[in-house]
Each structure stands twice: as structure tokens, then as C-alpha cells.
1. Specify the longest stretch of the chain that does not include any exposed loop site, a site being one of the trypsin sites (Lys or Arg not before Pro) with a non-H, G, I, E, B DSSP assignment and at most 12 other Cβ atoms within 10 Å.
2. In whole percent, how big is the carbon plus sulfur part of the accessible area of the chain, probe 1.4 Å, protein atoms only?
3. Using just the helices of the chain, give the 222 nm mean residue ellipticity in deg cm²/dmol: DSSP H runs with n ≥ 4 each add -39,500 (n - 2.57), and the total is spread over all residues, rounded to 500.
4. Cα atoms only, the chain: Rg and Dmax in Å?
5. Using only Cα atoms, tell me the angle between helix 33-42 and the longest principal axis of the chain; keep it within 0 to 90° and round to the nearest 10.
6. GLY43: net charge of surrounding residues, Cβ under 15 Å, Lys/Arg +1, Asp/Glu -1, itself excluded?
7. Check the cysteines of the chain one by one and keep only those with no other cysteine Cβ under 4.7 Å from their own.
8. For the chain, with a Gaussian network of springs between Cα atoms less than 10 Å apart, report the residue from ALA15, ALA29, ALA60 with the top mean-square fluctuation.
Amino acid sequence: MDLEKYFIKSDLIPAIVQEKSTGEVLMLAYMNRESLQKTLETGYTWFWSRSRRELWNKGATSGHYQKVFDVFADCDDDTLLITVEQTGAACHTGNHSCFFKKLL
């Protein structure tokens, strides 16, 4: 699979991670070519950490892995939607989802 079309606009692409069983949005992270390739090859999510400037396998430290079921590209090929089975919390705060701060 040629992944280059997803990185025409930028070296990083946003990836929305969604719980397959509930549809709950768990997190937003960024992928580069290598992390997307590793995700497709391993069946578990890999991302690019913008703050640490390195690849990271979600759950490698915490044990809170994300088993990938589907990877969808949006209509512009510049955002991904990844459906997963989440083990434990997706958020580094310990919350199941990173989206727990209600504003309205």
C-alpha cells in the first residue's frame, strides 16, 4: 500500500482513535509514515510524539494497548480514523478517554 498520499500536505497526519464497541472517541494523536506503517504491520497503534520527537507504541509503558480493527482515511486523505479495542485507559491521566473535560 502506498502511504505517500496521506503525507502530501504534512509529514504528520492527525489520527482520531475510537473505541470499536461503543463508538467513543478516545484520543487524538499524530502519525508519520513510519508510525502508520508500524500500525498497519503490527495491528497495534503507533504514533509520533511531537513533544518527545520520537515514535511511541501506545501501551508499551502502561500496558494500555490499542488493538486495531479498522483504519479509515477521510475524504481529503489528511486525517485518519482508527477503531480499536482499548485495554485500560487511553488517556495518560487514567481516564478511559482523553475527552473528559466538558465545556458546554
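1. Numbers: sites that count: LYS9, ARG50, ARG52, ARG53, LYS101, LYS102.
Formally, the longest exposed-site-free interval is 54-100.
2. Working: 3410 of 6500 Å².
The computed percentage sits at 53.
3. Working: 1 runs with 10 residues, N = 104.
When only DSSP H runs of four or more count, the value is -3000 deg cm²/dmol.
4. 13.2, 41
5. Rounded to the nearest ten degrees, it is 60.
6. Numbers: positive: LYS20, LYS38, LYS58, LYS67; negative: GLU41, ASP70, GLU85.
With Lys, Arg at +1 and Asp, Glu at -1, the net is +1.
7. CYS75
8. ALA60
The values are calculated or read from the model by the stated rules, or taken from the named source; none is laboratory data. Small disclaimer: the values here were computed from a predicted structure and weren't measured. As a convention, Cβ positions derive from the backbone with ideal geometry for all residues, glycine included, and neighbour counts pool all protein chains shown. Just the protein is used for accessible areas: all its heavy atoms, side chains included, with ligands, DNA and RNA removed. Shrake-Rupley method; radii C 1.70, N 1.55, O 1.52, S 1.80 Å.
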